[in-house]
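Novice: There's a structure below that I have some questions on.
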């Protein structure tokens, strides 16, 4: 497996996740409070796992946890919070990008989960890459 592919997918998940949180705040789905800054150390740890701990067990576990948490975001929204309330979103400016980042986050997060599980499987079997 190519490590670069997992790195790119993880970085894209981070980008789409942080963009989507910003959109949640702008559209009023999340309050714009200091409590949202808890995301900062979480993203820093995820970035550290992706960029510094690459090809290590700890890095793979961090990426897997971050990707699984990101995968929950589209599920929460599609279950009724945000996107599920289609009547509020219909015809509003900017909601195309909101929905697109939600879908892109789901795709890159799931792809990262798959790549991480494959990398962990190969690491367990003693194979590199």
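Novice: Within region 23-54, which residues are farther than 23 Å from residue 120 by Cα and surrounded by 15 or more Cβ atoms within 10 Å (Cβ to Cβ)?
Specialist: 23, 24, 27, 29, 30
One line per residue, one yes/no per condition, for (1) free of Cβ contacts under 8 Å to residues at least 60 places away in the same chain; (2) within 21 Å of residue 104 (Cβ to Cβ):
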{"site": "11", "(1), (2)": "yes, yes"}
{"site": "33", "(1), (2)": "yes, no"}
{"site": "38", "(1), (2)": "yes, no"}
{"site": "55", "(1), (2)": "no, no"}
{"site": "61", "(1), (2)": "yes, no"}
{"site": "75", "(1), (2)": "yes, yes"}
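Novice: Would you mention how many residues in region 70-129 are loosely packed, with under 11 Cβ neighbours inside 10 Å, at pLDDT below 80 and part of a helix (DSSP H, G or I)?
Specialist: So the answer is 2.
The values are calculated or read from the model by the stated rules, or taken from the named source; none is laboratory data. What you see is a predicted model, and the numbers here were worked out from it, not measured in a lab. Quick reminder, even Gly has a Cβ in these numbers, built from the backbone with ideal geometry, and neighbours come from all protein chains shown.
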